[in-house]
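The values are calculated or read from the model by the stated rules, or taken from the named source; none is laboratory data. Predicted model only: the values in this text are computed from it and were never measured. Cβ placement follows ideal geometry from the backbone for every residue including glycine, while neighbour counts extend to all protein chains displayed.
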């Protein structure tokens, strides 16, 4: 009898716990439904419509997959934006990783002022991207910029701006992104290096292994899952870069620095072609999901190997 009462009490407690959890989660689920699922549903619906706020005739009639067909089959500016985004990612992400790892290795030791140095290095990442763009716009202002003055002294950009040429503008944006986000990679790598067990490193040191051999054969293999996650986060974030480019170049000169995010912005909020712009945004979201899925597959495949090792 007592066992039945006890089991009944346990069931009642579990039921009340589930009810309490649902009550706590209810507002969060409603919030997610409003801010995530509802806009996504509207975007999907709009992508199948011919919807433009600058035309009296295009008022939302259903056109099926025409927006996607025009985007994928005929829009050369879309593919140029994809190419610029891919080049941007292919350059900045590896450079940020290498520099971040080097700085993390340097900081992974005790020395006077280490915390102060770490704080100073982290400042670029803690600044909002819009503010970063404004800071560098001031630095590289023609004739009067802080850095432009020194560039003029060595004969560079005396009559033009850094952002007036396609190559220099794109290169400057890459340098700015590297300056801003290398500390992010550094912080992740420093956390991983701090968590690496000291015993294998000490044993390798006693056996005469060099610092490079320890890094290559002990530390880096242990950091592989963390490295993949850091690269995944930066690759996804770099594929969506908008703020800095919008502030500094707006995608120009011409469309030399037009990436997929600025292309979507231009389509939606400058030409007001909302149906076509919705298709652009959904293609971008799908591409981001594919990249994330590939990285997740790599991580899930690497993690058991590392644990087994």
Applying the selection to segment 262-279, what residues are under 28 Å from residue 140 (Cα atoms) and touching a residue at least 60 places away in the same chain (Cβ under 8 Å)?
262, 263
Take residues that are at pLDDT 85 or above, touching a strand residue (DSSP E or B) at 6+ places or on another chain (Cβ under 8 Å) and crowded, with 17+ Cβ neighbours inside 10 Å and tell me which of the helices (runs of 4 or more DSSP H) falling wholly in segment 198-309 contain 1 or more.
260-269, 274-308
Restricting to segment 100-122, give me the number of residues that are within 18 Å of the chain's Cα centre (by Cα) and surrounded by fewer than 17 Cβ atoms within 10 Å (Cβ to Cβ).
1
Close pairs (6 angstrom Cβ cut-off, 6 or more residues apart or separate chains): within 15 Å of residue 294 (Cβ to Cβ) in segment 222-235, at pLDDT 85 or above and buried (at least 18 other Cβ atoms within 10 Å of the Cβ) anywhere
234/93; 235/89; 235/93
Mind listing whichever residues of segment 25-49 are over 29 Å from the mean Cα position of the chain (by Cα) and either surrounded by fewer than 10 Cβ atoms within 10 Å (Cβ to Cβ) or not in a helix (DSSP H, G or I) (or both)?
49
Of the candidates 76, 55, the one satisfying the condition of being loosely packed, with under 12 Cβ neighbours inside 10 Å and under 21 Å from residue 241 (Cα atoms) is 76
Taking the condition loosely packed, with under 15 Cβ neighbours inside 10 Å, more than 22 Å from the chain's Cα centre (by Cα) and more than 27 Å from residue 257 (Cβ to Cβ), does residue 153 pass?
no
Among the candidates 183, 142, which residue alone is surrounded by 14 or more Cβ atoms within 10 Å (Cβ to Cβ), modelled with pLDDT of 90 or more and under 30 Å from residue 253 (Cα atoms)?
183
Answer with yes or no whether residue 94 is crowded, with 16+ Cβ neighbours inside 10 Å and either more than 20 Å from residue 260 (Cβ to Cβ) or touching a helix residue (DSSP H, G or I) at 6+ places or on another chain (Cβ under 9 Å) (or both).
no
